[in-house]
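Here's the structure we're looking at; comments come further down.
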Amino acid sequence: MSDKRQVVSAPMSLNGSYLRTVNLLWFDKSVVFRAAVGWWLAALILFFWWGAIVVWYLLFGLLLVPYRLIRRGGRNRKIAERRHQELVQALKSPAADKSALAEEILGSSDDPKGGADWSQVNWRVVGSIALIAWGVVGGFNWIAATSSWWGRTSGWALVGNFSEILFLGALLAAGIYFFQRYKE
């Protein structure tokens, strides 16, 4: 079974370009390809693609706002239609448990107080948000500390500081990747 996602986001959006790049270079590829080529080639492609998107929107962004709003509405209607079709297919299938399906759609009324149901929390998403927050806060801390770096006697200390930003960037990238993967 393929892990590829059907992408409805615009190719000239950051999310759409990310999903298309990941579909192209990550899913349905061998582990050797992903380890040797996939991760750095995806980052390289996204660097140039996102740069082109930023330049495009800086030059033509205001002219395209009405068009983008119309296209976004169309994509949202397409997503709603797909969800509706999935629901209709689930209801038509003879093996479907109609009461469980209705409870999933309408929500359970077991908790009369309306309290939080912690079993419904997607802990992977919570963890990915924590990774993103750690990367962002660490990045701000790293930027704030740059003034104290210069004039050090050891070049290795400076190398350590620069490797720290790579680690924080990796945390941020991992958080974004896991959030994209587990948000549903």
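One table, with the values for the structure above:
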quantity	calculated
Only listed residue being charged (D, E, K, R), touching a residue at least 40 places away in the same chain (Cβ under 8 Å) and surrounded by 12 or more Cβ atoms within 10 Å (Cβ to Cβ), chosen from Arg68, Arg34	Arg68
The lone exception for Ser2 - which of (1) within 21 Å of Lys183 (Cβ to Cβ); (2) part of a helix (DSSP H, G or I); (3) among the hydroxyl-bearing types (Ser, Thr, Tyr); (4) at pLDDT below 75 it fails	(2)
Check on Ile105, surrounded by fewer than 11 Cβ atoms within 10 Å (Cβ to Cβ), touching a helix residue (DSSP H, G or I) at 6+ places or on another chain (Cβ under 8 Å) and at pLDDT below 80	yes
Residue pairs meeting the criteria (Cβ under 6 Å; at least 6 apart or on separate chains; first closer than 13 Å to Arg68 by Cα and in contact (Cβ under 8 Å) with a residue 40 or more places away in the chain, in the range 5-17; second loosely packed, with under 15 Cβ neighbours inside 10 Å and of a type outside the set (Val, Ile, Thr))	Ser9/Asn15
Any hit, the range 87-98, residues being surrounded by 10 or more Cβ atoms within 10 Å (Cβ to Cβ), at pLDDT 70 or above and within 27 Å of the chain's Cα centre (by Cα)	yes
Failed item, numbered, when Ser17 is tested on (1) in a helix (DSSP H, G or I); (2) out of contact with any Pro (no Cβ under 8 Å at 6 or more places or on another chain)	(2)
Within the range 121-144, tally of residues that are among the polar types (S, T, N, Q) and either within 16 Å of Ile165 (Cβ to Cβ) or not in a helix (DSSP H, G or I) (or both)	2
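The values are calculated or read from the model by the stated rules, or taken from the named source; none is laboratory data. Given the structure is predicted, the values throughout are model-derived calculations rather than measurements. All Cβ positions, glycine included, derive from the backbone under ideal geometry; neighbour counts span all protein chains shown.
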